[in-house]
Structures are given as C-alpha cells and as structure tokens.
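The values are calculated or read from the model by the stated rules, or taken from the named source; none is laboratory data. Every value quoted in this text rests on a predicted model; they were computed, and no experiment measured them. Cβ coordinates were reconstructed from backbone atoms using ideal geometry, including for glycine residues, and neighbour counts include every protein chain displayed. Keep in mind that these areas ignore ligands, DNA and RNA; they rest on the heavy atoms of the full protein, side chains included. Shrake-Rupley method; radii C 1.70, N 1.55, O 1.52, S 1.80 Å.
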Amino acid sequence: MAFIGDYHTHTPHSHGKSTMEENVVKAIELGLKEIAITDHGFRHRLYNVKKRNWHNIAKEHADLVAKYTQIKIYLGLETNLISPQGELDIVDEDLEYLQIIVAGYHRMVKPYRFRDNLQFFFPNAFANLVGKHTKRLLVRNTDAYVKAIERYPIDIISHPQFGMKVDIIEVAKAAAHYGTYLELNGKRIKSTDSEILDTLEKTTVNYIADSDAHSLDRIGNFDLPQIVVNRINIPYERLSNWENLPNFRSHNGKPWKRNIDTKI
C-alpha cells in the first residue's frame with residue numbers, strides 16, 4: 001500500500017533543479033501512476049514561470065505525454081495567493097491551459113496593487129516575525145483563502161498555514177464544499193496535529209500527500225506526510241492519493257485542452 005501520485009513538483013522553469021523529463025522518469029521508476037509539474041506562478045518575484053515561455057513548456061509537456069504513456073503527466077502551476085480578495089496570479093484565459101491548479105501563499109510575490117502589500121503581505125510578514133497574528137489578520141487571511149476557493153477551480157491548497165495563519169476549519173469547510181484538497185506537504189507541514197484532526201472531525205475535507213520536490217531525489221518522497229499519518233492516525237480513506245487516484249475539481253467543470261500550440 002502506498003501513495004501512487006505526486007501532484008506538486010518543480011523544474012528549472014521556476015525553482016527546481018531537475019528537468020520535467022527527469023521528474024517523469026523518476027516517478028516511473030518509483031511506480032507512481034501520475035505526476036504533476038507545478039512550477040511557481042507568474043507573479044513570484046524570484047522563481048516565477050515566464051508567460052513568454054509557456055508555449056515551450058506546454059510543448060515539452062505534450063512531447064513527454066506522447067513518449068511516456070505508462071504514466072499520466074499533468075501540466076499545472078503552483079499559483080500564488082496575491083490579495084485579501086482571494087485573487088491568484090492567473091487570469092481566466094489561463095485556466096484552459098492548466099490541467100491542475102495548486103494554490104498557496106508565498107512571501108515573495110508581486111501583487112497587482114500596492115495596497116495589497118500594505119493590507120496583506122506586510123502584515124503577514126510582520127506577524128511571522130513577531131510570532132503573533134491578530135484576530136483581524138486571521139480573519140482577513142481566512143477570507144482570502146475561502147474567496148480563492150470559491151472563485152477558482154483550485155485542486156490543491158499547498159502547505160496550509162505556511163507563511164500566513166488561517167482558521168483552518170473555515171478553509172477546510174470551503175475546500176470540502178467545492179472539492180479542493182488540503183495538502184500534506186513533503187517539505188513542510190505547518191498545520192498542527194490538533195488542527196489536522198479537527199479538520200477531519202469537523203469537516204469532510206480530504207487530504208493529498210505531495211513531495212513539493214525541487215530536486216530529483218525528492219520526487220515521490222512522502223516520508224513527512226507518512227510520519228504525520230501514522231502519528232495521528234489519519235484514516236487512509238481521507239487521503240486522496242493513497243492507493244487511489246484523486247478526483248480533481250478542475251476536471252469536473254469542463255474538458256481540459258491537452259494540445260497547446262496556438263493561443264499562447
């Protein structure tokens with residue numbers, strides 16, 4: 001029994017060290033049935049995917065899909081939460097070219113409006129520095145995630161509680177309602193054991209384990225999620241990629257285009 005899909009990996013197109021093909025080959029060697037390439041979104045200040053490169057990235061993905069038919073390869077992004085209004089750094093026309101949407105909070109992100117630095121990024125940076133989030137900030141952060149889940153067909157919330165604290169129960173309720181998974185991240189799990197147990201007890205949300213691999217040796221590494229699963233006895237039926245394939249929300253609303261060669 002094992003996790004059989006890894007849906008959060010990176011390549012040199014953003015912050016990763018191993019190529020898309022190297023990641024795919026490693027996943028095949030590990031016996032995974034699915035892998036997603038989810039480089040950092042367009043408005044990350046340091047490691048963003050460049051929109052001008054997207055056509056080449058999509059072509060590379062299409063070639064790998066044709067070459068490695070024994071594994072399903074998703075092309076997506078780890079998009080960035082960029083405002084208290086729940087905006088992500090993608091626009092509507094980007095959606096049809098993404099086969100999986102991971103969304104999370106990162107510090108080094110350029111918002112569309114300067115006031116979002118003042119209302120969102122600076123307060124969270126200060127709260128992390130002093131180790132204390134005000135009730136007002138907690139509400140604002142929680143609302144941002146809930147609005148994002150309502151607004152976009154997000155498949156996975158990456159590393160919840162990383163970089164900004166939220167009311168995880170309220171986020172889990174929204175995720176459960178819309179069919180979004182919460183992630184057990186292979187690099188960092190910032191939700192406490194009690195928070196995870198509360199979400200399982202008080203909501204119907206399901207979790208997904210991912211490696212968040214930035215190097216080849218991390219592909220398919222679920223050691224940290226497995227430790228948490230064993231420590232607090234998370235029911236395996238609440239883990240979407242444990243001996244099962246996830247039912248991604250973004251695939252339920254419309255057919256997703258696989259052949260991207262004209263409209264980039």
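The convex hull of the Cα atoms of segment 1-129, projected and averaged over all directions, covers 9.4 nm². Mean projection of the Cα convex hull over all viewing directions, computed for segment 19-76: 4.0 nm². Potential lengthening of the chain between LEU118 and ALA66 amounts to 14.1 nm, from the contour at 0.36 nm per residue minus the alpha-carbon distance. First select every other residue whose beta carbon is under 13 angstrom from the beta carbon of ASP193; then total the charges, Lys and Arg +1, Asp and Glu -1. Spelling it out: positives minus negatives among the neighbours equals -1. Histogrammed with a bin width of 5 Å, the alpha carbon distances of the chain distribute as 1, 6, 14, 18, 20, 18, 13, 7, 3, 1, 0 percent, first bin at zero. Taking 0.36 nm per residue of sequence separation and removing the Cα-Cα distance, the LYS135/MET108 pair yields an extension gain of 7.4 nm. Quick one: Cα convex hull volume of segment 135-211, Å³ per residue? It is 81 Å³ per residue.
When the Cα convex hull of segment 127-264 is projected onto planes of every orientation, the mean area is 10.6 nm². Taking every protein chain into account, the accessible area of the chain amounts to 45 square angstrom per residue (probe 1.4 Å). FRET efficiency for the LYS50 to SER194 pair, using the beta carbon distance and R₀ = 51 Å, is estimated at 0.80. For the set LYS51/LYS187; LYS59/LYS190; LYS51/LYS132; LYS50/LYS190; LYS17/LYS110; LYS17/LYS147, the pairs lying more than 31 angstrom apart at their alpha carbons are LYS59/LYS190; LYS51/LYS132; LYS17/LYS147. The share of accessible area on the chain that comes from carbon and sulfur is 51 percent, using a 1.4 angstrom probe.
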